[in-house]
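Here the structure is laid out as structure tokens; the discussion comes afterwards.
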Amino acid sequence: MRLFVGSFVTIYDYLGIKKEFSFIEGKWVEKRNLHLTYHFIGEVETPVLLIKQLAKIKYEPEQIPIKALGFFGSPPKILYAKASSDTLYDLAKEIREAVGAKETKPFIPHITLCRIKRIKNFDKFIKKIRSFEHKTIGTMQIRVDLIQSHLTPKGPIYRTIHTFI
């Protein structure tokens, strides 16, 4: 089974954001699948050992605002919402340590909104990104979930395997 550790999030007006960026072509993440990934684990036969390792994690449930938008890539390949808090960085580090993973790339707390195929108007894209600079567009409750990701031709299906409290 394909697993990752994450928290599901709420974007207040996801449909509105999609409409504002209607000039980009790409695959939008389904609203029910919006999440922040602390650590991608990959394929494992059974989650039993991971559940034991992750059960050691201690955290306080906390509301984190989701503010602003950004993108990865040049040209942009991913449109994302930003979630920033020292708590998220600390938690991601603790999760990596619990599962014995090395840091291969820096943790950037984000929620993927769209995998971009083409931007019809790049200047408009940049202006739209900037227009969200100081907007709170959602919230996330810090909660550590072990999530199974089953890939299908229509997109991934996520299922929470275990929640660590």
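Of the conditions (1) loosely packed, with under 15 Cβ neighbours inside 10 Å; (2) of a type in the set (A, V, I, L, M); (3) modelled with pLDDT of 95 or more, residue 116 satisfies every one except a single condition; which number is it?
Condition not satisfied by residue 116: (1).
Can you name the residue in the stretch 43-90 that is closer than 22 Å to residue 135 by Cβ and assigned to a loop (DSSP other than H, G, I, E, B) and is also modelled with the lowest pLDDT among such residues? Step through it out loud before you land on a result.
Initial filter on the stretch 43-90 (closer than 22 Å to residue 135 by Cβ): 62-72, 76, 78-88.
Imposing the further condition that a residue be assigned to a loop (DSSP other than H, G, I, E, B) reduces the set to 62, 76, 84-85.
Values: 62: 89, 76: 97, 84: 83, 85: 89.
Filtering the stretch 43-90 for residues that are closer than 22 Å to residue 135 by Cβ and assigned to a loop (DSSP other than H, G, I, E, B), the one modelled with the lowest pLDDT comes out as 84.
Filtering the stretch 80-104 down to residues that are more than 15 Å from residue 137 (Cβ to Cβ), basic (Lys, Arg) and touching a residue at least 12 places away in the same chain (Cβ under 8 Å), which residue is surrounded by the fewest Cβ atoms within 10 Å (Cβ to Cβ)?
Of everything passing the filter in the stretch 80-104, 93 is surrounded by the fewest Cβ atoms within 10 Å (Cβ to Cβ).
I'm told residue 77 meets every condition in (1) in contact (Cβ under 8 Å) with a residue 40 or more places away in the chain; (2) surrounded by fewer than 16 Cβ atoms within 10 Å (Cβ to Cβ); (3) farther than 18 Å from residue 158 by Cβ; (4) in contact with a strand residue (DSSP E or B) (Cβ under 6 Å, 6 or more places away or on another chain) except one. Can you identify the failing condition by its number?
(1)
Residues being buried (at least 16 other Cβ atoms within 10 Å of the Cβ) and either among the hydrophobic types (A, V, I, L, M, F, W, C) or assigned to a loop (DSSP other than H, G, I, E, B) (or both): count how many of those fall in the stretch 15-28.
Of the residues in the stretch 15-28, 4 are buried (at least 16 other Cβ atoms within 10 Å of the Cβ) and either among the hydrophobic types (A, V, I, L, M, F, W, C) or assigned to a loop (DSSP other than H, G, I, E, B) (or both).
Which residues, taken from the stretch 29-46, are in contact with a Leu (Cβ under 9 Å, 6 or more places away or on another chain) and surrounded by fewer than 17 Cβ atoms within 10 Å (Cβ to Cβ)? Step through it out loud before you land on a result.
Of the residues in the stretch 29-46, the ones in contact with a Leu (Cβ under 9 Å, 6 or more places away or on another chain) are 29, 31, 34, 36, 38, 40-44.
31, 40, 42, 43, 44 - these are the residues of the stretch 29-46 that are in contact with a Leu (Cβ under 9 Å, 6 or more places away or on another chain) and surrounded by fewer than 17 Cβ atoms within 10 Å (Cβ to Cβ).
Filter the stretch 115-137 down to the residues that are in a strand (DSSP E or B) and in contact with a helix residue (DSSP H, G or I) (Cβ under 8 Å, 6 or more places away or on another chain), then identify the one that is farthest from residue 40 (Cα to Cα). Give the steps one after another, and end with the answer.
To start, the set of residues in the stretch 115-137 that are in a strand (DSSP E or B) comprises 115-119, 136-137.
Adding the requirement that they be in contact with a helix residue (DSSP H, G or I) (Cβ under 8 Å, 6 or more places away or on another chain) leaves 119, 137.
On the way: 119: 28, 137: 25 Å.
This residue is 119.
Here are the criteria: (1) surrounded by 11 or more Cβ atoms within 10 Å (Cβ to Cβ); (2) among the hydroxyl-bearing types (Ser, Thr, Tyr); (3) over 30 Å from residue 57 (Cα atoms). Tell me which single one residue 152 does not satisfy.
Condition not satisfied by residue 152: (1).
The values are calculated or read from the model by the stated rules, or taken from the named source; none is laboratory data. If you're wondering where the values come from, they're calculated on a predicted model, not measured in any experiment. Because the Cβ atoms are built from the backbone with ideal geometry, glycine has one as well, and the counts that use them run over all protein chains shown.
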